[in-house]
Amino acid sequence: GHLRAMQRHTIEVFADYHQLLLVDEEMVYSGLIPKWTKDTLRDRLVSDEGTVWIGTARNMTVPITVEIHEHEPVSEFRQWDHVAECSVGVRSGTIIVGGLADMPPEALRLVVEPSVYRVRVLYGALDSLSEDGLDGEDHYQIQLWKNDNVVAPTVLKQYA
């Protein structure tokens, strides 16, 4: 049967500078700068030492759903424009998800078992933006599950 998420949260996040942040609480103020390059911008994902940056279509408030699963979820990629995965180590047992502007206390805090997690990001309706780039239906889903096998950011479905 379909594995339901153990935790599921839907939040609205201000994607300042076209990015969202998923970070081990321990690393929040570590001052890491995301390594956005031509390639990582195309991947829409950068990871570094307990921190994941997710590139968004708009630098406005966007809806995000965050799911924590016991095992790798079966994802249907057809409805998504872009899908990418990476790993994140969570030593503190708390994952924080938010925009750069609303790092704690406003950000979503997820209490998890300290471990290495696989992060799958699904990006929807990326081509729905208005000409000025301010309006759109773009939305994002982040799926997390424990997986010790550390991977660099990998695109599973590339947005043209």
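Treating only the Cα positions of the chain as identical point scatterers, give the base-10 log of I(q)/I(0) from the Debye formula at each q in 0.20 Å⁻¹. Log10 I(q)/I(0), no solvent term: -1.41. Heavy-atom surface analysis with a 1.4 Å probe gives the stretch 27-160 a carbon and sulfur content of 51 percent of its accessible area. Taking GluC sites (Glu not before Pro) across the stretch 3-86, the ones in a DSSP loop with at most 16 further Cβ atoms lying within 10 angstrom of their Cβ are Glu49, Glu70, Glu76.
Once the trypsin sites (Lys or Arg not before Pro) in DSSP loops with at most 14 neighbouring Cβ atoms within 10 Å are cut out of the chain, the longest remaining piece is 92-160. Proximity of backbone amide H atoms, modeled 1.01 Å from N, is registered between Gln19 and Thr56 at under 5 Å, excluding neighbours fewer than 5 places apart on the same chain.
Report the residue, chosen from Ser128, Ser47, Ser87, that carries the largest GNM mean-square fluctuation when the chain is represented by alpha-carbon nodes joined by springs under 10 Å. Ranking Ser128, Ser47, Ser87 by mean-square fluctuation puts Ser128 first. Scanning the chain for chymotrypsin sites (Phe, Trp or Tyr not before Pro) in DSSP loops with at most 16 neighbouring Cβ atoms within 10 Å leaves 78-158 as the longest stretch between them.
The values are calculated or read from the model by the stated rules, or taken from the named source; none is laboratory data. Because the structure is predicted, anything quoted here is derived from the model rather than measured. With ideal geometry, Cβ positions are generated from the backbone for all residues, glycine too; neighbour counts draw on all protein chains shown. We work out accessible area using only protein heavy atoms, side chains counted, and drop any ligands, DNA or RNA first. Shrake-Rupley method; radii C 1.70, N 1.55, O 1.52, S 1.80 Å.
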